[in-house]
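The values are calculated or read from the model by the stated rules, or taken from the named source; none is laboratory data. Everything numeric in this text was worked out from a predicted model, so none of it was measured. Neighbour counts are summed over all protein chains in view; Cβ atoms, including those assigned to glycine, are modelled from backbone coordinates with ideal geometry. Surface accessibility is based on the protein's heavy atoms, side chains included, excluding ligands, DNA and RNA. Shrake-Rupley method; radii C 1.70, N 1.55, O 1.52, S 1.80 Å.
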Amino acid sequence: MAELIASHNLCHAVLALAQTELCEQMAAGAAISEADLRDQRNPQLVRHLLRYLAIRGVLEPDDGSYALTDRGMRLLNETALANLGFYLEAYGHVAQAMPLLLTGEATYGKHVLRDGEALARHCDVLLRHYFTAPVLRALQGSDATFLLDLGCGGGELLIDMCRRRADFRGMGLDISPEAVALARERAAEAGLGDRLAFIVGDAFRPDTWPSDCRQADAISAIGVMHEHFRDGDEAVIHILNRYAALLRDHAKTLILGEPELLYSEGDADLFLVHAFTNQGLPRGPQAWLALLARTDLECRRMVGQPEVGPRFTFYELTAR
Ligand SMILES: C[S@@+](CC[C@H](N)C(=O)[O-])C[C@H]1O[C@@H](n2cnc3c(N)ncnc32)[C@H](O)[C@@H]1O
C-alpha cells in the first residue's frame, strides 16, 4: 500500500511541477535555486514540492538548488507528461467516481464525464509524436486536399497537415465542445483559421453533419471508432457502411486509426478507463480486418508503428 500511495502522490506532484514555469527551465538543464522561487506565488509550497520530488529521485538537490535527475528528465518529457495527463486530467474524475459508478448512484455521461479539453490536449501531443507520420503515409498517393477529421480532438492532425501542404484544407468534427474550442484556438494561433473549420458534431450520425463535410475528398477517424463498439459490432458495421456511401459519392479514402488493447498488465489502465467511460473496447488488427470484411469497405493498406508509442494501426479504406 505504501508503494501505491507513493506512486499516486508522485503522479500528482510531477504533474504539478510540469504546470509551473520552473519545469521548462529545469527541462532545459537549469538548476533552480531558492532565490529563483521568489517570484512564485507561493514560494514556500513550491520549495516543499521540490524537496518532496528530491526525496523521490526526480530532482537532485545541491546546496539549496535543484536540477532534474535522469529519471526526472524522462518523467517530464512531453510524451510522458501527455500520458500522465491522459490518465490524471482527462480520466481522473472518472477514476474518482468509480465507487458511485459501480453502485449506480452515478451514470457515466450524465453525472460523470471525462475532461474533453484535457483529452484533446494530451492526445494532440501523442498524435504529433506518433501518428501524423503514419497518417501521411496512408494518404500518400492520394490527391486529396480536403480532409474531414472525425473525432478531431484538439485539431493537431489537420493543423499539421496544413502546415506541411499549402494546398490543404480541412474540417474537424468532435462531440466535445471543449475539444472543438481548443482546436479553433490552436488553428487561429497557427494562422490557419481560413483553411480549417472545427465543429461540434457526432461522428456516428452523418445525417446531422453540415453539408460542407460532404466536400471532403478524404476522411480520417483516429482513435474514435472503437467507442462505438459500446453499441455492438452491428452498429459499427452500419456506420462504416454509411461512410462507404460517402466515399462512393464524394470522398475517396477513409483512414481509420485504431489502438489495440491487450488483456495484459501493460494495457490494464487503458482497459479500465475505457470500461468506466462506457466506451467500446479497442481491438487488434485481426479483429478489425474480420469486421471490415463484413462492411462495404475494402482495406487497401495497413500502416503501423510497431514498437513506437501506443500500438495503433491505420487502415486505408475505400468503398468496394
Ligand atoms: C482518443 S481521442 C482522439 C483524438 C484525436 N483524433 C487524436 O488521435 O489525437 C477521441 C476523440 O473522439 C471524440 N469522440 C468520441 N465520440 C465521438 C463522436 N460520437 N463523435 C465525434 N467525436 C467523438 C472525443 O471527444 C475525443 O476528442
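Go through Ala166, Ala188, Ala181, Ala203 for me and flag whichever is open to solvent by 50 Å² or more (accessible area, probe 1.4 Å), in a loop (DSSP other than H, G, I, E, B) and of a type in the set (A, V, I, L, M, F, W, C).
Details: Ala188 fails: in a loop (DSSP other than H, G, I, E, B); Ala181 fails: in a loop (DSSP other than H, G, I, E, B); Ala203 fails: open to solvent by 50 Å² or more (accessible area, probe 1.4 Å).
Going through Ala166, Ala188, Ala181, Ala203 in turn, the sole match is Ala166.
Within segment 299-310, does at least one residue satisfy the condition of being in contact with a strand residue (DSSP E or B) (Cβ under 6 Å, 6 or more places away or on another chain), surrounded by 16 or more Cβ atoms within 10 Å (Cβ to Cβ), at pLDDT 95 or above and outside any loop (DSSP other than H, G, I, E, B)? Yes, the conditions are met somewhere in segment 299-310. Of the set (1) over 23 Å from the mean Cα position of the chain (by Cα); (2) in contact (Cβ under 8 Å) with a residue 24 or more places away in the chain, all apply to Ser211 but (2).
Residues in segment 57-82 that are within 28 Å of Tyr130 (Cβ to Cβ), of a type outside the set (A, V, I, L, M, F, W, C) and open to solvent by 70 Å² or more (accessible area, probe 1.4 Å): Asp70, Arg71, Arg74, Glu78. Applying the condition of being surrounded by 12 or more Cβ atoms within 10 Å (Cβ to Cβ) and assigned to a loop (DSSP other than H, G, I, E, B) to segment 20-44 and asking which residue is modelled with the lowest pLDDT yields Gln40. When Arg128, Arg165, Arg184, Arg169 are checked against the criterion of being basic (Lys, Arg) and free of Cβ contacts under 8 Å to residues at least 24 places away in the same chain, Arg165 stands alone in meeting it.
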